[in-house]
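What follows draws every value from the coordinates through simple rules; no lab data is involved. Nothing here was measured: the structure is a model prediction, and the numbers come from that model. Glycine gets a Cβ as well: all are built from the backbone with ideal geometry, and neighbour counts include every protein chain shown.
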Ligand SMILES: *Cc1c(COP(=O)(O)O)cnc(C)c1O
C-alpha cells in the first residue's frame, strides 16, 4: 500500500500513503487491488462517480474530434454549455476557465470593473470569516483562514471581513465602508467546516447588496452542480445572485471552471479585458455538457437531497452515544462531523482500517462528500464505517487517558 513520496514533487501536500489505480462509481482500488469506498469524490469533484460511462464516452469521442483551437474562434461546445448553465442558474452569460480559483479571480475582476462604473477608485469587497476561495493571490486574500495567508504577505488588498451568517455585521460594514462594491460568499462553507448560512441571511444579503449597488457574488465552486440538493446552493434561499462561480463538480474530474453573470455584471467585460488559453476548450465543455445532461436525465440534485437526508439521519443516530462528537450537520451530500479535539489522524485511520476515504477540515471536522450517484446501500455502509471508526477512536482515547492516569500515580 505505501507509495514512497517522490523527491521531485514540491511538498505542498501531506499525502496519505495510498495511490489509487482504478475507480467505478463510489468504489476505488489501490495499486495492490485493495477496494475502498469513496466518501469524498475527490473533494466534491467526481459527483457522478468514477468512470461514468457517459463521461468516458464524451472524453473519447471529443479526443478523436478536436481537443483545442483557441478562444480566437467560436467553440460550439462552449456556447452549448453556457446555454445549459444559464438555463439552470437563471444567469445570463458565462466565462470559462480551468479552476475554482480562476473562476473567483474572474468574479473579483468583474467587481473592479463594476467599481470603475460607479466611480470608486479604491474599491473593496466584503468577504467572510472562515471562508475559502482559492490559492491565487487575490483568492487567498479573500479566504478567511490565517493558515492560507501565512508566508504570503503582503496580501492582495481591498477586502473587508465580517463573520459569516451575521447580517448585522454585513449591514454595519455597509455603513462603515462606502467603497464596498461587492460581496463574495459561499452558500455553505465547505473548507470552513461545513457551515451553512440561513435562508434569511441570504435574502437579507441580497437586499443589502441591491440597496448598496454591490454585486452579490456567490462562490458555488464546492456547493454547485447538485451537491446541496439543488443545482446551486443559493437556490435554497430563492434568491438570484449577480455573479456565481463554479468548478469542482462541473467537469466530473476534467478541469473546468466558470463565472456566470447577469444584469449589469453580464455587461462589464469587453474584448481584451480577460481571457484564458485553455478555458472553455471543446473537451472540457463537452464533458461538462454531458455532466449537465446526466444530472437532468437522472434528477441528480433531488437524489443528492434524498441521500443527504439518509446520510445525516444515519450518522446522527449512529453517533448519538459518541462523547467526542460535538455536532453532526449537513446540507445535501455535504456533511460535517465536528469533534471535540483535532482529528486529522482519522483520515489515515479510515483508509487503513475501514477502507474509507474521508477528509478532515479545520482540524476537527470530518467532512463527507460522497458521489451524488451513491446507492442507499453505499450511504448505509459509509455510516457503518464512520461509526466504527469513531467508536474505536473513542476506546483508544480512553485507554490512552487511563494509561496517563496510571503513569501519573
Ligand atoms: C475548492 C474551492 C475553491 C478553489 O478551487 P480550485 O479549483 O482548487 O482553485 C474555491 N472556492 C471554494 C468554495 C472551494 O471549495
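Taking 0.36 nm per residue of separation and subtracting the current Cα-Cα distance, fully stretching the chain between residue 93 and residue 408 would add 106.8 nm.
Among DSSP beta bridges whose residues both lie in the chain, state the antiparallel percentage, nearest 5.
Details: 32 of 48 bridges.
Of all bridge pairs located within the chain, approximately 65 percent are antiparallel.
Across all Cα pairs in region 36-166, the calculated P(r) in 10 Å bins from zero up to the longest distance comes to 10, 26, 34, 22, 8, 0 percent per bin.
Once a ≥ b ≥ c are taken as the square roots of the eigenvalues of the Cα gyration tensor of region 142-213, is the result rounded (a/c under 1.5), prolate (a/b larger than b/c) or oblate (a/b not larger than b/c)? Please report the intermediate quantities before stating the final value.
Details: a/c = 2.54, a/b = 1.25, b/c = 2.03.
Oblate.
Remark: 392, 245 ranked as 392, 245, counting other beta-carbon atoms within 10 Å and listing the fewest first.
Relative to the longest principal axis of the chain, what angle (0 to 90°, nearest 10) does the C-alpha long axis of helix 282-298 take? Helix 282-298 sits roughly 70 degrees off the main axis of the chain. Placing pseudo-labels 7 Å out from each Cα toward the beta carbon at residue 21 and residue 348 gives an inter-label distance of 2.3 nm.
By how many degrees, between 0 and 90 and to the nearest 10, does the Cα long axis of helix 76-89 differ from the longest principal axis of the chain? It is inclined by approximately 80 degrees. Across region 361-380, the residues whose backbone nitrogen lies under 16 Å from the label position 7 Å along the beta-carbon direction of residue 391 are 380.
Would you calculate, for the chain, the mean residue ellipticity at 222 nm contributed by helices, counting each DSSP H stretch of 4 or more residues as -39,500 (n - 2.57) and dividing by all residues, to the nearest 500? Mind showing how you got there, number by number?
On the way: 12 runs with 155 residues, N = 409.
Using -39500 (n - 2.57) per qualifying helix, the result is -12000 deg cm²/dmol.
Annotation: extensible slack from residue 71 through residue 278 equals 73.7 nm (criterion: 0.36 nm per residue apart, minus Cα-Cα distance).
Once the Cβ-Cβ distance between residue 375 and residue 63 is put in as r, and R0 is 41 Å, what FRET efficiency do you end up with, to the nearest 0.05? Write out the running numbers ahead of the final one.
Details: r = 30 Å, r/R0 = 0.74.
In this case the efficiency is close to 0.85.
With the simple spin-label model, which puts each label point 7 Å out from Cα in the Cβ direction, the residue 166 to residue 137 separation comes to 3.0 nm.
Order these by the 10 Å Cβ neighbour count, fewest first: 95, 269. The partial results should precede the final answer.
Values: 95 26, 269 18.
Ordered by Cβ neighbours within 10 Å, fewest first: 269, 95.
Shown here are the Rg and Dmax of the Cα trace of region 316-405, at 13.1, 47 Å.
Each peptide in 27-40, 140-153, 307-320 gets a packing score, the mean of other Cβ atoms within 10 Å over its residues, and the list from highest to lowest is 307-320, 27-40, 140-153.
Counting only Cα atoms, region 1-82 measures 46, 30, 23 Å along its principal axes, largest extent leading.
Need one number for region 191-230: average projected area of the convex hull over its C-alpha atoms, nm². Could you put the intermediate results ahead of the total?
Values: hull surface 13.5 nm².
Hull-based average projected area comes out at 3.4 nm².
Footprinting exposure proxy ranking of 276, 70, fewest other C-beta atoms within 10 angstrom first, gives 70, 276.
One Cα centroid belongs to region 192-228, the other to region 97-138; the line between them spans 15 Å. Ratio of Rg to Rh for the chain: 0.98 [Cα atoms; Kirkwood radius as inverse mean 1/r over pairs].
PRE reach from residue 264 (point 7 Å along Cα→Cβ): which of region 81-112 fall under 13 Å by backbone N? The answer is 111-112, whose backbone nitrogens lie closer than 13 Å to the label point.
Just to be sure I understand: if I project the alpha-carbon convex hull of region 253-382 onto a plane and average over all orientations, what area do I get in nm²?
On the way: hull surface 46.1 nm².
Convex hull of Cα atoms, orientation-averaged projection: 11.5 nm².
Centre-to-centre, using Cα atoms only, region 289-305 and region 329-378 are separated by 23 Å. On a 0 to 90° scale, report how tilted helix 167-176 is relative to the longest principal axis of the chain, with both axes built from alpha carbons and the result rounded to the nearest 10. Relative to the chain, helix 167-176 is tipped by roughly 40 degrees.
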